[in-house]
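> Here's a structure for you.
The values are calculated or read from the model by the stated rules, or taken from the named source; none is laboratory data. Only a predicted model underlies this, so the values are computations on that prediction, with no experimental measurement involved. Positions of Cβ are generated from backbone atoms using ideal geometry, with glycine treated the same way; all protein chains shown enter the neighbour counts.
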Amino acid sequence: MNALADQVTQSSLADRIFSEGQLRDLLGGSDARRYALVHRALKDGSLIRLKRATYLLGRRTSNDAIHPFVVAQALLPGSYVSFETALAYHGWIPEAVFTTASVSPGRKTITHDTPSYGQFSFHPLALQKYQFLTSVDREKFGKLTAFVAQPLRALIDLVALRKEHWSGLDWLTEGMRIDEDRLRSLRRKDFYALRPVYRHKAANMFLHSLEEAILTINGAAKGRLTDD
């Protein structure tokens, strides 16, 4: 282990993603010395640069690896994981997802390709004020946390991103291969929470149509789509 990795390992930064400023405070000394240490650590893989001025220790084991969702938050603070990434995380779609996709608070789509963690994408959506984190949970991954959309939020985020129009449940059950039981597990409160979120007319129509479809397949009299 080189000098930089040794110092980081023995500090509070060991289990975190850290900035150039935090590294400067830890290492001290001249800029030239710090640049030399960083260059050496990057070259031997003991340090990983996620983006400009953002790092984490390399050579981690599977037990102490930082989760990609946490990396996503560090790459773009204020974002939350959603779309197919969150749906796969919740077990709603069977396919593996190779890009960690998030909703961005900004105005343009951003992508980052990182060593060890692959590709990250961040997409803005037209959302109503103060609704950005509605139906988004803070999930714990080891010692760190990340914001992750609940299944219905992730699904309607995807609808809004793609500008999908309601064409029936087949698009969900056959096109996206979402198990019908997952859809039938949705409750009135899940739909109600999302009604004030989107500025996309198609997304709101999709949300309403999906709620009606779930009511139909569950049977309104049976009350499976409840307030619980």
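Every residue, every condition in (1) of a type in the set (Lys, Arg); (2) in contact with a strand residue (DSSP E or B) (Cβ under 8 Å, 6 or more places away or on another chain), yes or no:
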| site | (1), (2) |
| --- | --- |
| Asp44 | no, no |
| Arg52 | yes, no |
| Leu57 | no, yes |
| Ala88 | no, no |
| Gly91 | no, no |
| Val103 | no, yes |
| His112 | no, yes |
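> Test Glu139 against the stated conditions and say whether it is outside any strand (DSSP E or B) and under 22 Å from Ile93 (Cβ atoms).
Working: outside any strand (DSSP E or B): no; under 22 Å from Ile93 (Cβ atoms): yes.
When the stated conditions are applied, Glu139 does not pass them.
> Tell me, which residue of segment 115-133 that is assigned to a loop (DSSP other than H, G, I, E, B) and surrounded by 13 or more Cβ atoms within 10 Å (Cβ to Cβ) is modelled with the lowest pLDDT?
Step one: list which residues in segment 115-133 are assigned to a loop (DSSP other than H, G, I, E, B), which gives 115-117, 125-126, 128-133.
With surrounded by 13 or more Cβ atoms within 10 Å (Cβ to Cβ) added as a condition, the list becomes 116-117, 125, 131-133.
Values: Ser116: 82, Tyr117: 89, Leu125: 97, Gln131: 97, Phe132: 97, Leu133: 98.
This residue is Ser116.
> Here's something else I'd like to know. Check segment 100-111 and report whether any residue there is at pLDDT below 95 and more than 22 Å from Ala53 (Cα to Cα).
Yes, segment 100-111 contains at least one residue that is at pLDDT below 95 and more than 22 Å from Ala53 (Cα to Cα).
> Can you name the helices (runs of 4 or more DSSP H) wholly within segment 1-65 that have at least 2 residues being acidic (Asp, Glu) and more than 20 Å from Pro77 (Cα to Cα)?
The helices (runs of 4 or more DSSP H) meeting that bar are 31-44.
> Now for a separate question. Restricting the search to segment 201-228, which residues are over 20 Å from Asp179 (Cβ atoms) and either at pLDDT 90 or above or among the charged types (D, E, K, R) (or both)?
Within segment 201-228, Lys201, Ala202, Ala203, Asn204, Met205, His208, Asp227, Asp228 meet the criteria.
> On to the next question. Scan segment 93-105 for residues that are in a loop (DSSP other than H, G, I, E, B) and within 15 Å of the chain's Cα centre (by Cα) and jot them down. Step through it out loud before you land on a result.
To start, the set of residues in segment 93-105 that are in a loop (DSSP other than H, G, I, E, B) comprises 93-98, 105.
Selection gives Ala96, Val97, Phe98, Pro105.
> Among the residues of segment 145-179, write down those that are under 15 Å from Ser82 (Cβ atoms) and assigned to a helix (DSSP H, G or I).
Within segment 145-179, Pro151, Leu152, Arg153, Ala154, Leu155, Ile156, Asp157, Leu158, Val159, Ala160, Leu161, Arg162 meet the criteria.
> Inspect segment 101-108 for any residue being outside the structural domain of Leu133 (by TED's automatic domain parsing), surrounded by 18 or more Cβ atoms within 10 Å (Cβ to Cβ) and at negative phi and give the result as yes or no.
As a first pass, look at segment 101-108 and keep what is outside the structural domain of Leu133 (by TED's automatic domain parsing): none.
For segment 101-108, residues outside the structural domain of Leu133 (by TED's automatic domain parsing), surrounded by 18 or more Cβ atoms within 10 Å (Cβ to Cβ) and at negative phi: absent.
> Of all the residues that make up segment 16-33, how many are under 32 Å from the mean Cα position of the chain (by Cα) and either surrounded by 16 or more Cβ atoms within 10 Å (Cβ to Cβ) or not acidic (Asp, Glu) (or both)?
Of the residues in segment 16-33, the ones under 32 Å from the mean Cα position of the chain (by Cα) are 16-27.
Restricting the remaining residues to those that are either surrounded by 16 or more Cβ atoms within 10 Å (Cβ to Cβ) or not acidic (Asp, Glu) (or both) gives 16-19, 21-24, 26-27.
Number satisfying all stated conditions: 10.
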